[in-house]
Number of protein chains: 2
Amino acid sequence: MNPITILGLCAAFCTSVSFLPQAIKTIQTKDTSGISLYMYSLFVFGTLLWFLYGIFSSNIPIYIANGFTLIFSLIILGYKLKYK
Amino acid sequence: MNPITILGLCAAFCTSVSFLPQAIKTIQTKDTSGISLYMYSLFVFGTLLWFLYGIFSSNIPIYIANGFTLIFSLIILGYKLKYK
C-alpha cells in the first residue's frame, strides 16, 4: 500500500469515526437544538454521493469512509427530525 | 470532464457547503450544547488529512472540498471551545 493511500485511510478513519461521538451524544442527550437541520440534510445526501463516487472510481478509502459516515449522520438526522 | 469527476464534484459541493449553515447557526445562536467537542476535534484533524490526500493524489474534488470544509469546521470548533 503506497503512502498516499495510507494518508487517505487515516483521513477516512478520522472523519468517519468523528461522527460516532456526535451520534452517541445526540442519542444520550436528545439535545439537537444547536444542530443544523440544513447541515445534516445536505450532508447525508452529499455523503451518499461520495459513497457512489468511491464505488465508481474504485477508491477504497472514500467508499468505506462514507459508508460509515452515512450511517452515523443518518442517526443524527433522524434524532434532529424527531426532537427538533 | 468525465461523469465520475462530476459526481465527485457534486458530492464535494454538498458535504462542504453543508457545514456552512451549521457554522452560521452556531455563530448566530452560540448554542453549542448539542455539538460534540470530540466530533469536531477529530473532524478538523481528519479534514486536514483529506486536504493533504487530495493534494498529493492530485484529486481536485477532494482538496477543494476539504479546504472549504476545514474553514467551516474550524469556526464551529472555535465556537464550541469558547461557548462550551
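General observations
- Beta carbons closer than 6 Å, at least 6 apart along the sequence or on distinct chains, pair a first residue in segment B:27-39 that is more than 7 Å from chain A (Cβ to nearest Cβ) with a second that is surrounded by 15 or more Cβ atoms within 10 Å (Cβ to Cβ) for B:37/B:80.
- Enumeration of residues in segment B:1-21 that are over 16 Å from residue A:50 (Cα atoms) and either open to solvent by 60 Å² or more (accessible area, probe 1.4 Å) or outside any helix (DSSP H, G or I) (or both): B:1, B:20
- Residue within segment B:37-55 that is assigned to a loop (DSSP other than H, G, I, E, B) and either open to solvent by less than 10 Å² (accessible area, probe 1.4 Å) or touching a Leu at 6+ places or on another chain (Cβ under 8 Å) (or both) present: no
- Residues that are modelled with pLDDT of 95 or more, surrounded by 19 or more Cβ atoms within 10 Å (Cβ to Cβ) and more than 19 Å from residue B:69 (Cβ to Cβ) do occur in segment A:22-31.
- Among residues of segment B:59-84 being farther than 30 Å from residue A:54 by Cα and not hydrophobic (A, V, I, L, M, F, W, C), the one that is surrounded by the most Cβ atoms within 10 Å (Cβ to Cβ) is B:79.
- Residue check for residue B:61: assigned to a helix (DSSP H, G or I), at pLDDT below 95, of a type outside the set (S, T, N, Q) and in contact with a Leu (Cβ under 8 Å, 6 or more places away or on another chain): yes
- Qualifying residue in segment B:45-57 (condition: closer than 18 Å to residue A:52 by Cα, more than 13 Å from the chain's Cα centre (by Cα), without any contact (Cβ under 8 Å) to a residue 60 or more places away in the chain and more than 7 Å from every other protein chain (Cβ to nearest Cβ)): yes
The values are calculated or read from the model by the stated rules, or taken from the named source; none is laboratory data. Predicted model only: the values in this text are computed from it and were never measured. Ideal geometry is used to build each Cβ from the backbone, glycine not excepted, and the neighbour counts take in all protein chains shown. Ligands, DNA and RNA are stripped out before the accessible areas are found, and what is left, the full protein with its side chains, is counted by its heavy atoms. Shrake-Rupley method; radii C 1.70, N 1.55, O 1.52, S 1.80 Å.
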